[in-house]
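The values are calculated or read from the model by the stated rules, or taken from the named source; none is laboratory data. Worth saying up front: this structure is predicted, and the values here are computed from it rather than measured. Note that each Cβ is placed from the backbone with ideal geometry, even for glycine, and that neighbours are counted across all protein chains shown.
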Amino acid sequence: MTGPRYDAVLFDLLTALLDSWTLWNDVAGGPEPGLAWRRAYLEITYGCGAYRPYEDLVAEAAAAAGLPPGRAPALAARWSELAPWPEAPAALASLAGRAKLGVVTNCSVTRGRAAAARAAPQGKPFDVVVTAEEAGFYKPRREPYACALEELGASPARTLFVAGSAADVPGASALGMPVYWHNRIGARAVGDASPTFYARSLKPLPGVV
């Protein structure tokens, strides 16, 4: 009998598992300012180097996007409204027990743990939750991914990384992890790395694990 293809599945949290876009857009005042805010945040985060407080980066990005003051604290105040993508609970339920499950997120410990609880399969905690704050660096630096692999005791080749953001594809691939790119919004690729699997939803995910 053939066993599972992977021993573990790691997820990008705020894009691959959770619909953070809807909340950011609502706090920003609409899809257009929300997109500008998110793009500014990603640019600052990817160029950050060593970890600086997540909440500071979110506030800097809001200012860079020309949003009114107070948007970053408003986002933090509504953090509990984050919700999984519609098919995420069923996908996670199907994977539970078949592979170890974890998340690697560009968040502070406080925001990351709270968001992970919103996505956890059937209320069961993930086997590992690694935040940028704990790793000391933001993705797509190798440190957050490596930290999660170490905590799981999993080999990169036997760990599938489920990317939401385009930068996670080369980021996770660089450590030897196969990547499932959940490209919900049809974002452009970053770098030369290609995902092992590509889909616009999480529905096909259980079938490749």
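Restricting attention to helices (runs of 4 or more DSSP H) lying wholly within the range 1-100, give those where 1 or more residues are of a type in the set (D, E, K, R).
Here the list reads 20-28, 31-46, 54-64, 71-77.
Return yes or no: is Ala8 touching an Asp or Glu at 6+ places or on another chain (Cβ under 8 Å) and within 21 Å of Gly171 (Cα to Cα)?
On the way: touching an Asp or Glu at 6+ places or on another chain (Cβ under 8 Å): yes; within 21 Å of Gly171 (Cα to Cα): yes.
So Ala8 fits the description; yes.
Only residues that are free of Cβ contacts under 8 Å to residues at least 60 places away in the same chain and either among the aliphatic types (A, V, I, L, M) or surrounded by 19 or more Cβ atoms within 10 Å (Cβ to Cβ) (or both): list them for the range 47-67, please.
Result: Leu57, Val58, Ala59, Ala61, Ala62, Ala63, Ala64, Ala65, Leu67.
Looking at the structure I just gave you, is Pro125 assigned to a loop (DSSP other than H, G, I, E, B), free of Cβ contacts under 8 Å to residues at least 12 places away in the same chain and in the same structural domain as Pro204 (by TED's automatic domain parsing)?
Values: assigned to a loop (DSSP other than H, G, I, E, B): yes; free of Cβ contacts under 8 Å to residues at least 12 places away in the same chain: yes; in the same structural domain as Pro204 (by TED's automatic domain parsing): yes.
It is true that Pro125 is assigned to a loop (DSSP other than H, G, I, E, B), free of Cβ contacts under 8 Å to residues at least 12 places away in the same chain and in the same structural domain as Pro204 (by TED's automatic domain parsing).
In the set Gly70, Gly34, which member is buried (at least 19 other Cβ atoms within 10 Å of the Cβ) and farther than 27 Å from Gly136 by Cβ?
Criteria check complete, one pass: Gly34.
Among the residues of the range 93-115, are any closer than 25 Å to Leu175 by Cα, outside the structural domain of Thr159 (by TED's automatic domain parsing) and either surrounded by fewer than 20 Cβ atoms within 10 Å (Cβ to Cβ) or over 13 Å from the mean Cα position of the chain (by Cα) (or both)?
No, the range 93-115 contains no residue that is closer than 25 Å to Leu175 by Cα, outside the structural domain of Thr159 (by TED's automatic domain parsing) and either surrounded by fewer than 20 Cβ atoms within 10 Å (Cβ to Cβ) or over 13 Å from the mean Cα position of the chain (by Cα) (or both).
Quick check, is Ala187 of a type in the set (Gly, Ala, Ser) and closer than 21 Å to Ser20 by Cα?
yes
Looking for whichever is touching a residue at least 40 places away in the same chain (Cβ under 8 Å) and touching a Phe, Trp or Tyr at 6+ places or on another chain (Cβ under 6 Å) here; the options are Gly34, Gly112, Gly102. Which one fits?
Gly102
Can you find even one residue in the range 124-139 that is at pLDDT below 95, among the polar types (S, T, N, Q) and within 23 Å of Gly49 (Cβ to Cβ)?
Checking the range 124-139: not a single residue is at pLDDT below 95, among the polar types (S, T, N, Q) and within 23 Å of Gly49 (Cβ to Cβ).
Of the residues that sit in the range 18-72 and are under 19 Å from the mean Cα position of the chain (by Cα) and among the basic types (Lys, Arg), which one is nearest to Asn106 (Cα to Cα)?
The selected residue is Arg52.
Is it fair to say Leu95 is more than 22 Å from Ala40 (Cα to Cα) and either touching a strand residue (DSSP E or B) at 6+ places or on another chain (Cβ under 6 Å) or of a type outside the set (Asp, Glu) (or both)?
yes
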